[in-house]
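To keep things clear, I will list the structure first and then write my remarks on it.
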Amino acid sequence: MTKLRISLLTGILAIATSVVAQNKMTPEQYIGTYKDFAIIEMHRSGVPASITLAQGMLESSYGNSRLATKGNNHFGIKCKGDWTGNTIYADDDAPNECFRAYNSALESYRDHSDFLRANWRYHDLFDLQVTDYEGWAKGLRKAGYATNKAYHSIIINLVEKYKLYEYDVAPMPGDQIILYTSHQVPMVEAQKDETLEAIASRNDLTVNQIYKYNDLKKGSSIAEGDVVYLKPKRRRGTEKAHVVQEGESMYQISQMYGIKLKQLYRRNRLEMGEEVAAGQTVYMRGKLDKDDSLDVVSAEEKKVEAQKFINPHALQIEKAPPIVKEVIEKPAYHVVQTGENIYRIAEKYHVFEEDLIRWNTGLNPLALSLGQKVYLSEESAQAAGAMNAKPPVKPDIQVEEVETEKAVAEIESASKYHEVQKGETVYRICSRYGITPEQLTSWNKLNGTNIYAGQKLKISE
């Protein structure tokens, strides 16, 4: 099996890419942040990067939806099937529906690819060229990925508007991928024989800035796989606490969670340079109680521990195996049984609902009759005279274009507003989006700081 190796730090990814909880993303920022994930998935799974990005942009409102910011769910995949992972609830076709939640955006991108590969409805799409974004978009609509009849046009519009098709011919990212912690601190992972000077030069920084941002002494060197931040780390971590693993140093923990090393020591009431024993809990938000203390070890003991430590954070990406299509034996027709609907029939025989409607003249998908014959192929329908001789009427292209423009306008509009959640305050919202209370009150003509749950607030000009 071909292995595609990308040195991504899963310790970072576990806290990464809820990414844009702090500020609303523009379409261009979304593409810049996630294009490498889409390209990785294209090489791993066979799903075009353009399609993945366009679907992510549409389904997550450019990464600004609650599902994306709170659950890292960029594709609106629900908890159906045998999902046993984390969940998040939101209103969709019905109130308070269950959606999948992920530890990182990369997990969401991978699950999206695996979701398409595992479902018979999408299997034929993998026979298309990876550059055939139009064929993929039309196939997704026909397979029922979304209920909007203009879904394929919306996806194609996004691909062409933002030139996402350029990523369908992109090579596997071989250099550094800039990742972001949930505090939006950009970082890269050092490559073999790479120097801090080279990283600084490539990112338009001075080497002294790199030293400062990464709590390094002047003259420090780095090793392959080391995390290097390109902007200052934060005063507190993305998680409340971390249980120290064998071989992990306070410095490694500060790099893993994007917290300044001095702050990590202060929050745990330790002297600079002290190391914590494996199994101890260090705090990154809040502070260790005055009456508590951590077990510390000497630098020599930590070195011995580190020598037997195997880094668990290297991520190896393996190319997905070929899709094996299930062969379903289909009779000429199916006789409707009690409780059956067109969806169940389509699932049973691996045919699409719209094909069943096209093959069976007068078939009402909302009112099947007990004992009714439903022909399962074009050939059998023609042989029985059950199919219209005339081709189905094509939808009015003008109506389709209007729906497309409306949908694209809706997701672009969504990136400019925030819906107030229960318990939120003006100051919390302003902190999240990097704006001032004065801006928020001015843009929304607020009377003071009084807001209410469900209120839509403009958060950008």
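Read the figures in this text as sums done on the coordinates, not as results from a lab. Remember, it's a predicted structure, so these values are computed and weren't measured experimentally. Note that we place each Cβ from the backbone using ideal geometry, even for glycine, and neighbour counts take in every protein chain shown.
Worth a mention:
- Spin-label model, residue 357 to residue 235: label points 7 Å out along the Cα-to-beta-carbon direction sit 5.8 nm apart.
- Between region 193-245 and region 102-167, the alpha-carbon center distance in angstrom: 37
- Checking the cross-link pairs 212/262; 348/373; 78/325; 262/287; 240/260 against a 18 Å limit on the alpha carbon distance flags 78/325 as lying beyond it.
- For residue 262, net neighbour charge (Lys/Arg +1, Asp/Glu -1) across residues whose Cβ lies under 11 Å away: +4
- Burial ranking of peptide ranges 322-332, 265-275, 284-294 (average Cβ count within 10 Å, highest at the top): 265-275, 284-294, 322-332
- Ranked packing of 150-159, 357-366, most packed first, by mean Cβ within 10 Å: 150-159, 357-366
- Cβ-Cβ distance of residue 78 and residue 295, R₀ of 60 Å, FRET efficiency by 1/(1 + (r/R0)^6): the value works out to about 0.85.
- Note on residue 341 and residue 161: the extension gain reaches 60.9 nm, defined as 0.36 nm multiplied by sequence separation minus the Cα-Cα distance.
- Chain lengthening between residue 172 and residue 203 when straightened (0.36 nm per residue, less Cα-Cα): 9.1 nm
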